[in-house]
1. Which one of A:40, A:242, A:197 has the biggest mean-square fluctuation once chain A is modelled by GNM with Cα springs under 10 Å?
2. Counting Lys and Arg as +1 and Asp and Glu as -1, each charge on the Cβ, what is the dipole of the range B:70-280 about the Cα centre in debye, to the nearest 20?
3. For a distance above 25 Å, tell me the whole-number percent of Cα pairs in the range A:98-241 that qualify.
4. What FRET efficiency would be calculated for the residue pair residue B:48, residue B:233, taking the C-beta separation as r and a Förster radius of 45 Å, to the nearest 0.05?
5. List the residues, sorted by chain then number, that are 5 or more residues from residue B:169 or on another chain and whose placed amide H is less than 5 Å from its amide H.
6. Please give the length that would be gained between residue A:107 and residue A:285 if that part of the chain were fully extended, namely 0.36 nm times their separation in residues minus their C-alpha to C-alpha distance (nm, one decimal).
7. Please report the base-10 log of the normalised intensity I(q)/I(0) for the protein assembly as shown, using a Debye sum with one equal scatterer per alpha carbon and no solvent, at each q in 0.05 (1/Å).
8. Collect residues whose amide H, placed 1.01 Å from N in the peptide plane, falls under 5 Å from the amide H of residue A:116; neighbours closer than 5 in sequence don't count.
There are 2 protein chains.
Amino acid sequence: MRNFDERSITAAVCERVAQASDPHARQISDALVRHLHDFVREIEPTQEEWSQAIAFLTRTGHMCDANRQEFILLSDALGVSMLVDALNHRLPGGATETTVLGPFYVQDPPELPLGANISPGLEGVPLLVTGAAAGSPLAGATVDVWHSDGDGYYDVQQLDDDHGLAMRARLRTAQNGAFHFWMIMPAAYPIPNDGPVGEMLAAQGRHPYRPAHVHFMIAAPAHEQLVTHVFVEGDAYLDSDVVFGVKDSLIRPFAEMSAGIAPDGAQIDQPYRHLHYDFVLAPQRHTA
Amino acid sequence: MRNFDERSITAAVCERVAQASDPHARQISDALVRHLHDFVREIEPTQEEWSQAIAFLTRTGHMCDANRQEFILLSDALGVSMLVDALNHRLPGGATETTVLGPFYVQDPPELPLGANISPGLEGVPLLVTGAAAGSPLAGATVDVWHSDGDGYYDVQQLDDDHGLAMRARLRTAQNGAFHFWMIMPAAYPIPNDGPVGEMLAAQGRHPYRPAHVHFMIAAPAHEQLVTHVFVEGDAYLDSDVVFGVKDSLIRPFAEMSAGIAPDGAQIDQPYRHLHYDFVLAPQRHTA
């Protein structure tokens, strides 16, 4: 195989990767080569533009460390993460819709009891979150929750000797599937935009904001794990989420409440907000 | 824009990137989104496979430093570099064909006089290279040459306190366009395969070898810069170059010669090889 031109090279590379022993690796490689070559043929990059693309990918890799995942941001900002989410969650009717995990999830967050304040000591409007993991009531489901502070930062963006994990917890649902906890109101925020993805967004004339939301990951035996957010009704960025993650079914009022006895029985001496959401997990799929 | 499914998300992202003020950035972004989404829809990756792809790109970025460019290797191994080369070199008949630059070029290599040995002190079979930069004879053209050692390594792969630049030089053609220099015979070699690209090649059932070759970059006023190799006739990897760079017109005999007076007048007391190649540079394109 020699003497490839701008057309014949694609078949040549596909013929080469057809030697993969694993059929799935072969299928992925073949599709990657065809679509990547089609893209390159469509835009006909100059050698200089090709060099810029190599440099962009390299800088994106160099931005990645334990607390920053620039390739996930890139996937998010190009709608790939939500596309992969959609392909993997053709759910039965009635199940809560899914959205992106995002780059700020932490495995095995601190376990807290029901009713805990997961963001103690932080400035902001208190928020009571109540809900249930349902279908059939799911007792003992794990409910991982995480959120940004009033400035839009997650704990893992600011970890240092004085700042540990915060604004995140794992709760377990009660016998009736219910859970509740306190936090502070989340804010709309820009995804980290001081790197290559920020440059790309600027070049595309796009703002980097996500509407305010609370993250949930809910898991229970015999059910599909649910990864989703609940968005704050009325947020200015609901129609232009930089990662394309908003679905109407995931928007809720975060109701304004007066000081007094809260729905969970707590005595609150200032105005607060209240979100209620009942999550419905889909039954586990059988794998072939 | 909300509630995207696995089909509608592509138009949604394209609509968003259409805000780019630069039409070319808009065109590239639009094409990237469409082809990338088509690829993802075709292979329907699981969330775990998506995570593996993120990790692959991250490790590829982390392999890149001043002496290693893993994203160029990835582009080379997927045939993208040769495709970009083909799109940028629809040359007039008669001009020398092009091939990939590769990751081992160094800007402004050491200038040496015609006839110099560019790989002094290295073990290997001496090789005399003669040729000309022609069309009309190109006096004073710069001829950058570089090659691997007998084990297939370039200098920049082994830079340290004891090892500087070697096996590379910039020459200038004489009045008649001719040049000549001495080196040692290059060897076939594997591209660096201890990183993500090596993993990919293994998964695709591919060897990592390039056939033996000498790199040339030739530049002269009013002509297109020529980036190419000359390959050693008879090499075992000519039909399976891992980067798809071989063209018949770039293969030459590296003739076996007996000790004696070489074509450049040098007295050689051992058998050596001789390569002759006349390069024809295309006239510079007028840009619109």
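What follows is calculated from the coordinates using simple rules that are stated; it is not laboratory data. Quick caveat, the model's predicted, so the values are computed rather than measured. With ideal geometry, Cβ positions are generated from the backbone for all residues, glycine too; neighbour counts draw on all protein chains shown.
1. A:40
2. Approximately 660 debye in magnitude.
3. 31
4. It comes to 0.45.
5. B:145
6. My answer for the length gained is 61.7 nm.
7. -0.30
8. Result for residue A:116 returns A:182.
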